[in-house]
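I have placed the structure first, in the form of C-alpha cells, so that the comments after it can refer back to it.
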Amino acid sequence: MTHFGIFSSHKDQVGESPIWDAEGSCLWWVDIEAQRIWKKSLAGQLQSWYLPEKVGCMALTAKRQVVAAMETSIALLSLESDGRYKQQTLATIEHPKLGMRFNDGRCDPSGRMWIGTMVMDMGKADNAGGLYCLDERGLTGPYIKGLYTPNGLAFSPDGGSMYFSDSHPMAQKIWRCQIDLASGALLNQNLFVDMTELPGRPDGAAMDAEGHYWICGNDAGLVHCFDANGQCIESLPVPFPKPAMCAFGGADLQTLFVTSIVPGNKALDTTGQSGQVVSAHLPHRGLPEPFFSRFPATWTSHF
C-alpha cells in the first residue's frame, strides 16, 4: 500500500492549487478560506502571503511571479520573502450573481490560464459558475456554463485534451473536451467519468506522463487514477477524509502531493491530519506544470 507522509503539518482550512516549482525545489499552494498563498521547500522552509480576497487558485510565471485568481479579480503578484508583495491587476470580473469567486484553475501547455467560477455557498446548489480563460485577449468567457463547483482541470500529455470536473453533490462528473492550443477553442465535450457510482466527489486533479488522470475523491479519503478510457485503475488512500487537489513534483516528478480540507464535522477527522499537505513517491511520473505566459494586452480589462 502506498504510504503518504506529512509534507506540511500546518493545517489549511481549504488547501488547494498545489504547484511544483522545479527551479526552487518547492511546492506552492493556497488556503482559500485563510486568503493565503503558501510555499514550502524540500529543505523545510515555509512562507506565506496574506491576500485581500480568497484565492481560489494560482499559477506561476517563468520569473516566479504568482498569478492569483481571487474573488473579483486576477492579479500578478511579485512576492517578497518577508510576506510583502506588489500587486498588479490582470483582469476583473463581474459575476452573474453575488457571492461568487474563482475556484479551480490551471495553465494549458500554451500558457493560457483556464479558471472556473462558483457560488461560494455550495448549500445553495446554484450552477451559475462557468469556465473562463485568461490570455492576450484578457479574461474571456464563460466558455462552459452551468457549473456548480468547477474543479479537476488537467491537460493530456499531447496537449490535445482538457479535463474538468464538477465536484458539487448535484453533479459529481468529469468531462473531457478537445482543445486547440493555437486558438484556445474547446470542442467536442463528452462525459469522461460519472463519479456518482464511485466513492468521493471529484475535486482537484493532475495528469501523469502516461495520460492517466489523477483526481481527489473528496469525502472518501481517496485519490483515484483513471486511464484514458475512463476506467479507474487505482485508488490510493490518504490520511484525511477530504483530499482537495493533487500535483506531481519532486526531482523526478514522481512525488504526488495532496492538499486537504478540514471537515465541518470535526469528528470525521479521525487522524487529526485534515488540512495538512501529504506526499508519496509513486511509480508514475507527472508532467511539468506550464507557466502562465500569455499576458493580456490591457491588464485591467473588463469583459
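The values are calculated or read from the model by the stated rules, or taken from the named source; none is laboratory data. Everything numeric in this text was worked out from a predicted model, so none of it was measured. We place every Cβ from the backbone using ideal geometry, glycine too, and count neighbours over all the protein chains shown.
When you scan the stretch 4-13, do you find a residue that is of a type in the set (Phe, Trp, Tyr) and over 14 Å from LEU79 (Cα atoms), even just one?
Taking the stretch 4-13 as the starting set, the residues that turn out to be of a type in the set (Phe, Trp, Tyr) are 4, 7.
From what's left, over 14 Å from LEU79 (Cα atoms): 4, 7.
Yes, because at least one residue in the stretch 4-13 is of a type in the set (Phe, Trp, Tyr) and over 14 Å from LEU79 (Cα atoms).
Answer with yes or no whether ASN151 is assigned to a strand (DSSP E or B), touching a Ser or Thr at 6+ places or on another chain (Cβ under 7 Å) and either surrounded by fewer than 23 Cβ atoms within 10 Å (Cβ to Cβ) or of a type outside the set (Gly, Ala, Ser) (or both).
On the way: assigned to a strand (DSSP E or B): yes; touching a Ser or Thr at 6+ places or on another chain (Cβ under 7 Å): yes; either surrounded by fewer than 23 Cβ atoms within 10 Å (Cβ to Cβ) or of a type outside the set (Gly, Ala, Ser) (or both): yes.
In short, yes.
Say we look at the stretch 71-85 and pick out the residues that are in contact with a Lys or Arg (Cβ under 9 Å, 6 or more places away or on another chain) and in a loop (DSSP other than H, G, I, E, B); which of these is surrounded by the fewest Cβ atoms within 10 Å (Cβ to Cβ)? This residue is GLU80. Among the residues of the stretch 5-27, is any crowded, with 22+ Cβ neighbours inside 10 Å, under 20 Å from ILE93 (Cα atoms) and not small (Gly, Ala, Ser)? Within the stretch 5-27, not a single residue is crowded, with 22+ Cβ neighbours inside 10 Å, under 20 Å from ILE93 (Cα atoms) and not small (Gly, Ala, Ser). What are the residue pairs meeting all of these: first residue in the stretch 263-274, first residue free of Cβ contacts under 8 Å to residues at least 60 places away in the same chain, second residue aliphatic (A, V, I, L, M) and surrounded by 12 or more Cβ atoms within 10 Å (Cβ to Cβ), Cβ atoms under 7 Å, and 6 or more apart or on different chains? Pairs that qualify, where the first residue is free of Cβ contacts under 8 Å to residues at least 60 places away in the same chain and the partner is aliphatic (A, V, I, L, M) and surrounded by 12 or more Cβ atoms within 10 Å (Cβ to Cβ), are ASP269/VAL262.
Each row is one residue, and each column tells you yes or no for (1) under 23 Å from ARG176 (Cα atoms); (2) under 17 Å from the mean Cα position of the chain (by Cα).
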| residue | (1), (2) |
| --- | --- |
| LEU76 | no, no |
| GLN88 | no, no |
| THR117 | yes, yes |
| LEU139 | yes, no |
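Taken over the stretch 1-27, residues that are part of a loop (DSSP other than H, G, I, E, B) and of a type outside the set (S, T, N, Q) amount to 9.
Listed residues PRO283, PRO288; which is surrounded by fewer than 14 Cβ atoms within 10 Å (Cβ to Cβ), at pLDDT 95 or above and out of contact with any strand residue (DSSP E or B) (no Cβ under 9 Å at 6 or more places or on another chain)? Walk me through it before giving the result.
Details: PRO288 fails: out of contact with any strand residue (DSSP E or B) (no Cβ under 9 Å at 6 or more places or on another chain).
Criteria check complete, one pass: PRO283.
Where in the stretch 162-230 are there strands (runs of 3 or more DSSP E), lying wholly inside it, with at least 2 residues that are among the charged types (D, E, K, R)? Talk me through it step by step, then tell me what you get.
Working: elements: 173-180, 185-194, 201-207, 213-218, 222-226.
Those strands (runs of 3 or more DSSP E) span 173-180, 201-207.
Among the residues of the stretch 133-148, those that are surrounded by fewer than 24 Cβ atoms within 10 Å (Cβ to Cβ) and aliphatic (A, V, I, L, M) comprise LEU139, ILE144.
Only one of GLY160, GLY204, GLY249, GLY221 is without any contact (Cβ under 8 Å) to a residue 24 or more places away in the chain and surrounded by 21 or more Cβ atoms within 10 Å (Cβ to Cβ). Can you tell me which?
Being without any contact (Cβ under 8 Å) to a residue 24 or more places away in the chain and surrounded by 21 or more Cβ atoms within 10 Å (Cβ to Cβ) holds for just one of GLY160, GLY204, GLY249, GLY221, which is GLY221.
Does any residue of the stretch 101-111 turn out to be on the phi < 0 side of the Ramachandran plot, polar (S, T, N, Q), surrounded by fewer than 20 Cβ atoms within 10 Å (Cβ to Cβ) and in a loop (DSSP other than H, G, I, E, B)? Taking every residue of the stretch 101-111 in turn, at least one turns out to be on the phi < 0 side of the Ramachandran plot, polar (S, T, N, Q), surrounded by fewer than 20 Cβ atoms within 10 Å (Cβ to Cβ) and in a loop (DSSP other than H, G, I, E, B).
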